[in-house]
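Okay, so here's the structure we're looking at.
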Amino acid sequence: MTRDPDFDAVVIGAGLSGLYQAYRLREMGYRVLGVEASDDIGGVWHHNRYPGCRIDSESEVYGYFWNDELMQEWSWSERFAAQPEVLRYIHRAAEIMDIRKDFLFDAKVASAAFDEENDLYTIEFQQPYRAPVTARFVFSALGPLSTPQMPNLPGINTFAGESFHTANWPRDPDGFGPAPLDFTGKRVGVIGVGSTGVQTIQEMAKVAGHLTVFLRDPNWCTPLGNGPMAPERMDYIKANYEEFTAKCDASLAGFPHEFIQKDLFDVPQDERDATLEELYQGPGFSLWLGAYQDVLSDPAANRYVSDFVARKIRERVTDPAVAEALIPKDHGFGMKRVPLETGYYEVYNQDNVDLVDLHTTSITRVTPEGIETPEGLHELDVIIYATGFDAVKGSWNKIDIRGVGGISLRDEWDGGITTYMGMQCPGFPNFFMLVGPQSGATFCNIPRCSALAIDWLSDMMITAKESGVRRIEPEREAAESFTLYAGKLQSKLLLGQTNSWFTGINQNIPGRDKREVLLFVGGNPRFRAYCDDVKEHGYKGYVMS
Ligand code: NA7
């Protein structure tokens, strides 16, 4: 006799994607349980509370765009909102969806195993006091950047001062922001200069008695262009959300920037230089995602823009040796995630800021007093690790996910990731991923693009419900074909030929030294077209029973 599951669906994760997916399922009449490892909603915005944390997306294009009530009610205070405001927004959205009641908190999933006889998953938790639950379908909204990664430094646990990873920042127990820590006058060391490190460094430089930045590979950073959101601008946005949505939907990565439909060298030099200048001064990812169409694919065009940004760095940093250390040598502009900054380069002109170039020296160990290099000890009161994440697949790898015949997702992925539209892997029926490897939402303005995947999956779940489907699984050939497609698109862009978290490289994790296809970089319109085609052809590539 077959067993009925406790729930029709379990959603893992209460970030922006998980909350919306749970809401959609519940509204469709599914008996849904949300489970969240942490004690509250918000995902990355709940955990990343480091000083300076804010979105690099224009505020008005980040968030949920399916709820008119929220869109008309919510007024952003800054053009690029800071973390507490984003988290407050998520709490308000959750209130509108009335979704919190459907979630179990402090429920960290340890394993999810498919029961072939009953077409359901048994989900077990790390907390011994939590009983397992069973569900027909599992939606994993684990977040591509939610498994913080520490560096492997000898003595790291011997440090006598305070140390933090930016993604595990102490929280204000009564508010949406960070705990009220005071860094005034302290000797602070920051390791990491990705978008997180850049934001942190800018803030720390304002208050620290002395700030030491331990720099391995610099990134190409461009100005954020933040400022208060004028009420008239917010009114305009509210009246024109459709226009913003159309623009983002037509763009590569869900942002309000469009590539110029010309090759860089087809434009006279004075015109192209003026355009690059304007884009550099423009908001958000203007230069990264709004320059000439060949900048991210043609090495010569890319070199031209890299040289342009290098000149900016040299202009902004007074010490030529420091400027050189801050100019990337291992990759061209836009081949890795471009951090956005506000006065970042000028920080290095301050008397209280020092740069330790890890290309000319190395960290030998962390001691109780600070960080040691062959040249001596950097005495510190605080160490901030802005060292990133076990990106994209890390959160899935932490869970023991078992599919047909007990196969392990982790083992499958060790041999290379194969997905169908980044949403499902062959051999793992009824297990869906939101914003996972190869999903169109991962190289994208995440809430906006994940909503696309969620709406698409929700439509499929309506079909499944209507026809009494108990089991949904992609055919291996369909998944292999999609993954091949994602790989081809990635290889066309220079970022696909560059080591970074985009391509699965992480020097802090053994074995992560080979590039893989973690993203779908073909862009939002292409991804949507692919998904629509699958749907219009009766969910081709799926076996449903
Ligand atoms: P990132 O972009 O992965 O950056 C991590 C940074 O930490 C990067 O500069 C690394 O240098 C540096 N790092 C890591 N380990 C070390 C060691 N051992 N020594 C020195 N430096 C180290 O993470 P973020 O949190 O900044 O951003 C992740 C994404 O979140 C971002 O792209 C946005 O989409 C939001 P490396 O480059 O490896 O030399």
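The values are calculated or read from the model by the stated rules, or taken from the named source; none is laboratory data. On a predicted model such as this, the values are computed, not experimentally measured, just so you know. Every residue, glycine as well, gets a Cβ built from its backbone with ideal geometry; the counts of neighbours run over all protein chains shown. Please note that ligands, DNA and RNA were not included when accessible areas were found on the heavy atoms of the full protein model with its side chains. Shrake-Rupley method; radii C 1.70, N 1.55, O 1.52, S 1.80 Å.
Rounded to the nearest 0.05, what FRET efficiency is calculated for residue 168 and residue 230 with R0 set to 30 Å and r the Cβ-Cβ distance?
0.25
Please give the per residue volume of the convex hull enclosing the alpha carbon atoms of the chain, rounded to a whole number of Å³. Don't skip to the answer; put the middle values down first.
Values: hull volume 83.9 nm³, N = 545.
Per-residue hull volume (Cα only) is 154 Å³.
Assign unit charges at the C-beta atoms only (+1 for Lys and Arg, -1 for Asp and Glu), then state the dipole size of segment 468-545 relative to its Cα centre in Debye, rounded to the nearest 20.
Dipole of segment 468-545, to the nearest 20 debye: 120 debye.
So between residue 361 and residue 179, what do we pick up on full extension, going 0.36 nm a residue minus the alpha carbon distance?
62.1 nm
Once fully extended, how much extra length lies between residue 369 and residue 150, figured as 0.36 nm per residue of separation less the alpha-carbon to alpha-carbon distance?
Numbers: separation 219, 0.36 × 219 = 78.84 nm, distance 1.89 nm.
Extra length available between residue 369 and residue 150 comes to 77.0 nm.
By accessible area of protein heavy atoms, probe 1.4 Å, what ranking do 140, 75 get, highest first?
Final ranking, largest accessible area leading: 75, 140.
So for segment 427-545, averaging the separation of alpha carbon pairs under 8 Å that are six or more residues apart and normalising by length, what relative contact order in percent results?
35 percent
Using a simple spin-label model with points 7 Å from Cα along the Cα→Cβ vector, what separation in nm is obtained for residue 242 and residue 330?
About 4.8 nm, to one decimal.
Calculate how steeply helix 524-536 sits against the longest principal axis of the alpha-carbon atoms of the chain, using the helix alpha-carbon long axis, and give the answer as 0 to 90 degrees to the nearest 10.
The angle comes out near 10 degrees.
May I ask for the angle, rounded to the nearest 10°, between helix 446-466 and the longest principal axis of the chain, with both axes built from Cα atoms and the value confined to 0 to 90°?
0 degrees
For the chain, which span is the longest to avoid every loop-located (per DSSP) member of GluC sites (Glu not before Pro) having at most 16 other Cβ atoms inside 10 Å?
Values: sites that count: 116, 117, 258, 369, 375, 475.
The reported range is 118-257.
Give me the percent of accessible area attributable to carbon and sulfur for segment 1-108, probe 1.4 angstrom. List each step's numbers first, then the result.
Working: 1760 of 3780 Å².
It is 46 percent, rounded to a whole number.
For residue 528, put the label point 7 Å out on the Cα→Cβ axis and report which residues of segment 406-445 keep their amide N under 20 Å from it.
Of the residues in segment 406-445, 421-423, 434-436, 438-445 have backbone N under 20 Å from the label point off residue 528.
If r is the Cβ-Cβ distance from residue 3 to residue 463 and R0 is 30 Å, what FRET efficiency results, to the nearest 0.05? Walk me through the numbers on the way to the answer.
Working: r = 24 Å, r/R0 = 0.81.
About 0.80, to the nearest 0.05.
Relative contact order for segment 172-267: what is it in percent, counting Cα pairs under 8 Å that are at least 6 residues apart?
19 percent
Can you pull out the chymotrypsin sites (Phe, Trp or Tyr not before Pro) in segment 425-494 that DSSP calls coil and that have at most 10 other Cβ atoms within 10 Å?
none
Using alpha-carbon pairs under 8 Å, 6+ residues apart, how would you state the relative contact order of the chain in percent?
It comes to 19 percent, rounded to a whole number.
When the chain is fully extended, how far beyond the present Cα-Cα distance does residue 95 get from residue 311, taking 0.36 nm per residue of separation?
Numbers: separation 216, 0.36 × 216 = 77.76 nm, distance 4.80 nm.
Going from the current span to full extension adds 73.0 nm.
With the dipole of the chain worked out from charges on the C-beta (+1 for Lys and Arg, -1 for Asp and Glu) around the Cα centre, which of 41, 93, 120 lies farthest toward the positive end?
The residue sitting farthest along the positive end of the dipole is 120.
Taking the Cβ-Cβ separation of residue 476 and residue 158 as r and a Förster radius of 56 Å, what is the calculated FRET efficiency to the nearest 0.05?
Working: r = 49 Å, r/R0 = 0.87.
According to the calculation, E is roughly 0.70.
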